[in-house]
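Please read the structure below before turning to the comments.
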Amino acid sequence: VEQPDDERSEVAKVYAEQRLEVQKVILTVLGIERGRLHLRRMEKQTVELLTDEIRRIFE
Amino acid sequence: MKLTSLALDNFRQFVGPQRIEFAQADGSSGNVTLVHAANGAGKTTILNAFTWVLYGTTSLDFEQSERLITDSVWDALPIGQEASCHVELHFEHDGTKFVLRREVLARKDSHEQSRLPTKVTLSYSVDGAWKTQDAHDDAIEQIIPSRLAPFFFFNGERIERIVHREAYEQIQDAIKTLLGLEQYEQALRHLPEVRKTFGGEIRKRGNNKASALEARRERLDGQIAKERKEITRLEQEQAAHQDEREALSGLLRESAGAAQLQKRRDEQQLALERADAARKEARAKRAEMLVLKSHTIWLARLWPLAAKVSEGLHERGELPAKLKGQFVEELLQRGSCICGTPLLKDEEAYQHVAAWRQKAGLAEVESAWQYMIGRAAGIERVAEEIGQSLREYTKQIAEASDAYNQAEAQLNQIRKELEEIGDVDVQVLERRLGDVNRRLEQLPVDLHQANERIKTWSIELTDVRKDLQKAKGDDARLEVLVRAADAIDDAQRAIREMLELAKQRVRRRLDSKLRLVHSTISFKPFIPELDDRFELNLWDGEGSQRRPAPKSTGENQVLSLSFIGALVELCKEQAERAGDASLLGRMGGMYPIIMDAAFGNLDDTYRRAIALALPSMASQVVVLTTKAQVSGVVEASLRPRLGAEYVIALRTSKDDAEAESVTSRGKSWEYVVPGADSDSATLQRVG
């Protein structure tokens with residue numbers, strides 16, 4: 001029987017395998033997307049926000 | 001989510017204000033609300049009142065869905081006047097009381113009701129004061145996601161659609177919602193757009209080489225995305241064709257002219273599948289033995305030759321050697337022989353002793369040789385046994401191939417006979433079945449090729465990315481852009497992998513729960529499975545001997561209900577889970593089940609099994625049913641778990657309808673009342 005937290009640890013493992021920069025991108029993107037799930041119709045603004053935030057990570 | 005009550009006002013056949021207070025899951029009474037209603041009295045209307053008030057949607061069997069205001073009210077309304085109807089759902093969620101109201105206010109311009117705009121209000125109570133929630137859609141999505149709703153509000157007679165392969169996407173969506181994985185899907189939709197922006201900047205900023213490489217990368221990305229879509233389409237087509245094949249076979253089984261031949265075909269198909277499985281098993285075993293043990297056969301053949309060489313060495317006195325190699329090495333290192341002669345490099349004495357190195361080495365050779373003689377004793381016998389096993393597997397493969405070919409020949413013969421049968425309908429079905437089967441043979445090939453193309457392009461893409469890293473030169477700005485673009489590519493790949501892993505993990509959790517729930521409902525020894533393509537299967541037997549269980553309507557309903565029971569359980573578990581939500585969100589909760597036509601045309605055994613299982617499947621259960629469906633075993637099984645009971649009284653304008661009543665707790669209640677001026681329905685609480 002699968003343990004409830006299995007998928008959580010599996011996902012965390014994939015995350016941990018990424019380079020630091022990639023980890024930063026993943027957390028930033030998922031955080032923004034989670035916060036904007038109720039703004040699904042505002043796709044363009046979400047893409048712009050993601051672009052700006054990713055740019056900020058690298059600059 | 002805890003349901004409190006549902007209020008209807010002039011909604012469809014429910015004229016005037018009507019209300020259902022739901023049985024509560026607080027342990028003081030049963031958690032089941034039972035609503036008795038004749039066909040056409042309003043069971044489906046109540047089911048749709050839930051989905052309409054929550055999401056503004058109704059089911060396909062909710063005919064003329066634009067006619068929401070009670071016909072008699074609308075008909076009596078003068079042109080130019082206004083009328084309204086509404087549904088109001090009272091519920092609690094996470095300790096907060098909510099009232100959700102959806103209403104239609106319409107001005108009559110003609111006798112027809114057209115689709116009218118609705119007004120929705122979601123109110124909630126804070127310390128006794130009522131407030132209005134602005135983004136009601138989002139709030140409802142958080143409380144009871146629309147993707148999960150089809151599993152909680154359903155028609156029992158149509159529930160078996162969950163078993164059909166075409167529903168697997170809906171199941172996947174439900175799982176993603178449950179796990180809070182929608183943010184992953186959104187990310188995978190948006191990141192390619194973000195990547196395009198960075199790609200555009202690289203092309204503008206970069207030298208010719210960097211620009212060309214970025215353009216090539218974009219092309220490859222596009223090709224891969226297109227191919228992924230094509231794979232999804234092919235998988236959907238495969239699922240639909242598999243369903244169609246089952247349906248066509250079912251029709252042929254029922255057809256008088258073809259039933260006998262179809263029965264033979266089912267038998268031969270089973271024989272073919274078994275022969276195929278046996279052949280695959282024997283091939284796998286033979287391959288494994290060849291890989292792991294076949295060298296023994298060659299060794300056994302070499303052995304007599306090697307033994308002869310060894311004997312020759314002994315006869316010539318070359319074995320055993322008299323000196324150990326280590327002893328010679330020590331003399332050379334010490335720089336003096338046992339006779340006292342100094343051993344200095346480049347001198348004859350040294351060379352003479354050093355020449356013994358090779359001969360001394362033979363002592364170790366012999367030691368190893370003796371060891372091998374001990375180990376090799378009986379190698380010929382072992383080789384013979386291996387050879388025998390290999391011959392046995394080959395024989396099994398040949399026998400299975402014969403059985404396969406015979407079954408295939410029989411199937412071809414049956415197909416020919418069915419195509420030439422006198423009955424035109426059978427011919428049409430058979431021809432279609434032939435087409436479907438041919439497509440089903442081709443689809444795995446197409447899928448394999450599509451996957452191979454993705455593999456090839458992915459390798460090419462990796463190379464392009466490496467080249468792009470090199471091509472950026474010493475331009476700092478370009479370096480930042482390439483790094484960001486590279487990280488976005490990797491983030492997309494990781495998010496896709498995380499999504500797939502989480503989805504499959506939770507599928508396995510759901511599969512475990514499904515087996516458990518099914519074993520408590522079904523009285524047959526079949527084993528359900530939610531496979532890795534999210535399809536619901538039912539098996540007879542286990543392991544390689546298992547075969548698809550015969551799916552009767554009853555079995556399909558039990559399987560579907562078991563899935564819903566498992567899903568409700570998983571939702572509950574998800575809501576109780578704690579942990580870091582930065583990577584995986586948290587959804588889930590306690591959800592009620594609202595089931596229309598719960599017991600359909602099932603026989604008593606299945607009806608009893610479902611009636612016994614339903615109350616424990618969810619915190620609250622609302623069962624909408626006719627008195628015929630619920631009488632007898634169902635009523636006896638549900639009665640101890642009833643917390644509320646209603647009868648819908650149908651007033652019909654049909655004069656020839658027969659008056660009917662329902663008896664509950666020793667009292668008689670109106671069920672069908674003929675001779676009314678217009679059709680309408682009213683709710684009566686009877687227990």
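The values are calculated or read from the model by the stated rules, or taken from the named source; none is laboratory data. Since we're looking at a predicted model, the values are computed, not measured. FYI the Cβ positions are ideal-geometry reconstructions off the backbone, even for glycines, and counts take in every protein chain you see.
Evaluation of B:LEU220 against the conditions (1) buried (at least 16 other Cβ atoms within 10 Å of the Cβ); (2) at pLDDT below 90 shows that the sole unmet condition is (2). A search for C-beta distances below 6 Å between a residue of the range B:475-488 that is over 12 Å from A:ARG55 (Cβ atoms) and any residue that is outside any helix (DSSP H, G or I), counting only pairs 6+ apart in sequence or on different chains, returns B:LEU478/B:GLY206; B:LEU478/B:LYS472; B:GLU479/B:LYS472; B:VAL482/B:LYS472.
Per the listing B:TRP74, B:TRP52, the residue uniquely farther than 18 Å from B:ARG102 by Cα and either hydrophobic (A, V, I, L, M, F, W, C) or surrounded by fewer than 19 Cβ atoms within 10 Å (Cβ to Cβ) (or both) is B:TRP74.
When A:GLU53 is tested against (1) facing chain B (nearest Cβ under 7 Å); (2) in contact (Cβ under 8 Å) with a residue 24 or more places away in the chain; (3) within 13 Å of the chain's Cα centre (by Cα), just one condition goes unmet, and that condition is (1). Would you pick out the residues in the range B:46-89 that are modelled with pLDDT of 90 or more and closer than 16 Å to B:GLU157 by Cβ? If the condition is that a residue be modelled with pLDDT of 90 or more and closer than 16 Å to B:GLU157 by Cβ, then B:ILE46, B:LEU47, B:ASN48 are the ones that fit. Within the range B:107-135, being surrounded by 12 or more Cβ atoms within 10 Å (Cβ to Cβ) and modelled with pLDDT under 85 holds for B:GLN113, B:LEU116, B:ALA135. Filter the range B:175-196 for residues that are basic (Lys, Arg) and within 25 Å of the chain's Cα centre (by Cα); which is modelled with the highest pLDDT? Residue satisfying both the conditions and the ranking: B:ARG189. Restricted to the range B:142-157, and to residues there that are out of contact with any helix residue (DSSP H, G or I) (no Cβ under 7 Å at 6 or more places or on another chain) and within 14 Å of chain A (Cβ to nearest Cβ), the residue that is modelled with the lowest pLDDT is B:GLN142.
Checking every residue in the range B:393-401 against the condition of being among the polar types (S, T, N, Q), modelled with pLDDT under 90 and out of contact with any strand residue (DSSP E or B) (no Cβ under 7 Å at 6 or more places or on another chain) gives zero matches.
Yes/no per residue for (1) modelled with pLDDT under 90; (2) under 25 Å from B:GLN242 (Cα atoms):
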site	(1), (2)
B:PRO444	no, yes
B:ALA471	yes, no
B:LEU478	yes, no
B:ALA491	no, no
B:ALA502	yes, no
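Residues checked against (1) within 12 Å of another protein chain (Cβ to nearest Cβ); (2) of a type in the set (Gly, Ala, Ser); (3) not in a loop (DSSP other than H, G, I, E, B):
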| site | (1), (2), (3) |
| --- | --- |
| B:LYS455 | no, no, yes |
| B:THR462 | no, no, yes |
| B:ARG465 | no, no, yes |
| B:ALA484 | yes, yes, yes |
| B:ALA487 | yes, yes, yes |
| B:ARG507 | yes, no, yes |
| B:SER512 | yes, yes, yes |
| B:ARG515 | yes, no, yes |
| B:GLU529 | no, no, yes |
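Taking the criterion of being more than 7 Å from every other protein chain (Cβ to nearest Cβ) and in a helix (DSSP H, G or I), the residues of the range A:32-42 that qualify are A:ILE32, A:GLY35, A:LEU39.
Those residues that are part of a helix (DSSP H, G or I), of a type outside the set (Asp, Glu) and surrounded by fewer than 19 Cβ atoms within 10 Å (Cβ to Cβ), I need them from the range A:11-31; list them, please.
Selection gives A:ALA12, A:LYS13, A:ALA16, A:LEU20, A:GLN23, A:LYS24, A:LEU27, A:THR28, A:GLY31.
Exactly one residue among B:ASP127, B:ASP134 is over 28 Å from the mean Cα position of the chain (by Cα), charged (D, E, K, R) and closer than 24 Å to A:MET42 by Cβ, and that residue is B:ASP134. Is at least one residue of the range B:369-377 in a helix (DSSP H, G or I), free of Cβ contacts under 8 Å to residues at least 12 places away in the same chain and among the charged types (D, E, K, R)? Looking for residues that are in a helix (DSSP H, G or I), free of Cβ contacts under 8 Å to residues at least 12 places away in the same chain and among the charged types (D, E, K, R), one finds at least one in the range B:369-377, hence yes.
With respect to B:VAL662, determine if the residue is more than 42 Å from the chain's Cα centre (by Cα) and buried (at least 21 other Cβ atoms within 10 Å of the Cβ). In short, yes.
I need the full set of residues from the range A:11-30 which are under 18 Å from B:ARG189 (Cα atoms) and facing chain B (nearest Cβ under 7 Å), in order please.
Listed by number, the residues that qualify are A:VAL22, A:VAL25, A:ILE26, A:LEU27, A:VAL29, A:LEU30.
Note on the range B:178-208: residues that are within 14 Å of B:ARG477 (Cα to Cα) and either in contact with a His (Cβ under 8 Å, 6 or more places away or on another chain) or without any contact (Cβ under 8 Å) to a residue 60 or more places away in the chain (or both) amount to 3. Within the range B:225-248, none of the residues are crowded, with 16+ Cβ neighbours inside 10 Å, touching a Ser or Thr at 6+ places or on another chain (Cβ under 7 Å) and of a type outside the set (Asp, Glu). Given the structure, is A:ARG8 of a type in the set (Lys, Arg), surrounded by 13 or more Cβ atoms within 10 Å (Cβ to Cβ), more than 7 Å from chain B (Cβ to nearest Cβ) and farther than 21 Å from B:VAL482 by Cβ? No, not satisfied.
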